[in-house]
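Undergrad: Starting off with a structure, shown below.
The values are calculated or read from the model by the stated rules, or taken from the named source; none is laboratory data. Because the structure is predicted, anything quoted here is derived from the model rather than measured. Please note: Cβ atoms are built from the backbone with ideal geometry, for glycine as well, and neighbour counts cover all protein chains shown. Just so you know, the surface numbers come from the protein's heavy atoms only, side chains and all, with ligands and any DNA or RNA stripped out. Shrake-Rupley method; radii C 1.70, N 1.55, O 1.52, S 1.80 Å.
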Amino acid sequence: MRLNPAYVIIAIFVAVMVFGAYYVYYNDDGSYEATAELNDDGTVTYSVSGPASTYTYSVFSDTKLPERLFLYYDDSYISDFSDHYIQKEFFQVLKSMLERRGLIAEFANAEDLVEIMDHYDYAVFFGSGALPDTIYDGKTDGDSLFVRWMSNGGTVFWTGPEIGRYVSTQDGVVDHRVGFFGGDVNTSENNNEFAHKESDMFLYTQLRYDDCLYGLKADRADSLPLSFISEDGYSSVSVAKVLEGNVTVFGGNVATTDMVAQVVTDRTCCADTLICGLTYESKGLDHGKGVVKGATSAVTDIDVSGSAGTIFRIIVGDPASHWSKAMEISND
């Protein structure tokens, strides 16, 4: 039987893409280094070194980096949204990526959260799609530990159905029908494919993540779309105000899939977001790009002095990020 040349080309292309995804997934490159320093005129002198590659940089204001970051995982609690083994694998890889980017993350179970939420400058990433009953009772206007924590400025990273709708226990998951976003969440799988409209912040974040299932409405008050927006007006990645805290929502199946090609996008998108400390009030101040040639130094063009919570972030690899670093810059 004679093979159709077109099929052969497609097969080779798919094989190369899968191999590339596999390589990035298991070899997230930690061989790069970068520095950034604020100059007297408000510009930033930065340097990046490592193997030859392209890079992009961005400067953000009004950020809030957590004092400590925790990854919630507890296989004794029921999760209808995500299998435990995929959650665990997701967080193990994300933890490794974050460490290569200079951010240390720690695992926490349902009981650990009780103590963690005594600290309002900590952050927690939930991949279970439900809050455990150790910290939340399903009442968005109640007096649970989680509500008090968010009322005092807590920080959450979230993937799955609307935060606050589901409560996880060791016996099952309770559906309270509505969460903290009042239903401003995409629940239709028909609306989540291939969002391609760039949000205003995409120019700075460079987060190429297109899945809008469970994503927030892009025009929701006190929220900031960070990546793409679907034709139906949902954001693939947003950070939004909840009570007095910040919740970053990653749409789609970020903690529910083990498909290698999607895994690469999911983990790198999460890692490149978490290191920035973006809030719903954050702004993009400057951006640019260049080429790494062993050791490269340059100066930005725009005066970014006088901005609170200023972060300089560099991403190596374009369009596929394989390393990034965020650095606080100030006049000190």
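Undergrad: So for the range 77-201, taking the charge dipole from beta-carbon charges (+1 Lys/Arg, -1 Asp/Glu), which of 97, 107, 124 sits furthest toward the positive end?
TA: 97
Undergrad: Using the structure shown, list the pairs from 217/293; 217/283; 64/197; 95/293; 64/95; 88/283 with a Cα-Cα distance above 31 Å, or answer none.
TA: As for pairs spanning more than 31 Å Cα to Cα, those are 217/293; 88/283.
Undergrad: Report the charge-dipole magnitude of the range 181-242 in Debye, nearest 20, computed about the Cα centre from +1 at each Lys and Arg Cβ and -1 at each Asp and Glu Cβ.
TA: 220
Undergrad: Only one of the listed values, (1) 15.1; (2) 18.9; (3) 20.6, was derived from the coordinates as mean projected area of the Cα convex hull in nm²; which label is it?
TA: Answer label, from the structure shown: (2).
Undergrad: Which GluC sites (Glu not before Pro) in the range 30-76 pass both tests, a DSSP loop state and at most 11 other beta-carbon atoms within 10 Å?
TA: In loop regions of the range 30-76 (DSSP not H, G, I, E or B), the sparsely surrounded GluC sites (Glu not before Pro) are 67.
Undergrad: Which residues' amide hydrogens lie under 5 Å from the amide hydrogen of residue 54, considering only partners 5 or more residues apart or on another chain, with H built in the peptide plane?
TA: Excluding prolines and chain starts, which carry no amide H, the hits are 292, 317, 318.
Undergrad: While we're looking at this one, here's another question. With a cap of 15 neighbouring Cβ atoms within 10 Å, and only residues DSSP puts in a loop, list the GluC sites (Glu not before Pro) found in the range 106-186.
TA: Passing sites in the range 106-186 are 111.
Undergrad: Another one. Counting only other residues whose beta carbon sits under 9 Å from that of residue 227, what net charge do I get with K and R as +1, D and E as -1?
TA: Spelling it out: positives minus negatives among the neighbours equals -1.
Undergrad: How many angstrom lie between the C-alpha centres of the range 297-328 and the range 140-212?
TA: The distance from the Cα centre of the range 297-328 to that of the range 140-212 comes to 27 Å.
Undergrad: Local charge sum around residue 65 (other residues, Cβ-Cβ under 11 Å, Lys/Arg +1, Asp/Glu -1)?
TA: -1
Undergrad: Roughly speaking, to the nearest percent, how much of the chain's 1.4 Å accessible area is carbon and sulfur?
TA: Answer for the chain: carbon and sulfur cover 49 percent of the accessible area.
Undergrad: About the Cα centre of the chain, how large is the charge dipole given +1 on each Lys and Arg Cβ and -1 on each Asp and Glu Cβ? Please answer in debye to the nearest 20.
TA: 980
Undergrad: Positive end of the charge dipole of the chain (Lys, Arg +1 and Asp, Glu -1 on Cβ, about the Cα centre): tell me which of 144, 302, 329 has its Cα farthest that way.
TA: Of the candidates, 302 comes out farthest on the positive side.
Undergrad: Further, regarding this structure: Within the chain, what percent of beta bridges assigned by DSSP are antiparallel, to the nearest 5?
TA: 70
Undergrad: Tell me which DSSP H helices of the chain clear both cut-offs, 30 Å or more of axial length from alpha-carbon atoms and a mean Kyte-Doolittle hydropathy of at least -1.0.
TA: 5-26
Undergrad: Within the chain, what's the longest run with no trypsin sites (Lys or Arg not before Pro) in a DSSP loop and at most 13 other beta-carbon atoms within 10 Å? Give the range, please.
TA: The answer is 178-332.
Undergrad: Counting only other residues whose beta carbon sits under 9 Å from that of residue 272, what net charge do I get with K and R as +1, D and E as -1?
TA: My count for the surroundings of residue 272 gives +2.
Undergrad: Based on DSSP H runs of at least 4 residues, each adding -39500 (n - 2.57), what is the mean residue ellipticity at 222 nm of the chain after dividing by all its residues, to the nearest 500 deg cm²/dmol?
TA: So the calculated ellipticity at 222 nm is -6500 deg cm²/dmol.
Undergrad: Of the chymotrypsin sites (Phe, Trp or Tyr not before Pro) in the range 132-224, which ones lie in a loop per DSSP and count no more than 13 other C-beta atoms within 10 Å?
TA: Of the chymotrypsin sites (Phe, Trp or Tyr not before Pro), the ones in loops of the range 132-224 whose Cβ has at most 13 other Cβ atoms within 10 Å are 194.
Undergrad: If you don't mind, another one. What ³J(HN,Hα) values, in whole Hz, does the Karplus curve 6.51 cos²θ - 1.76 cosθ + 1.60 give for the range 293-303 when θ = phi - 60°, with x put for Gly and Pro?
TA: After applying 6.51 cos²θ - 1.76 cosθ + 1.60, I find 10, x, 9, 10, 10, 7, 10, 6, 9, 10, 6 Hz.
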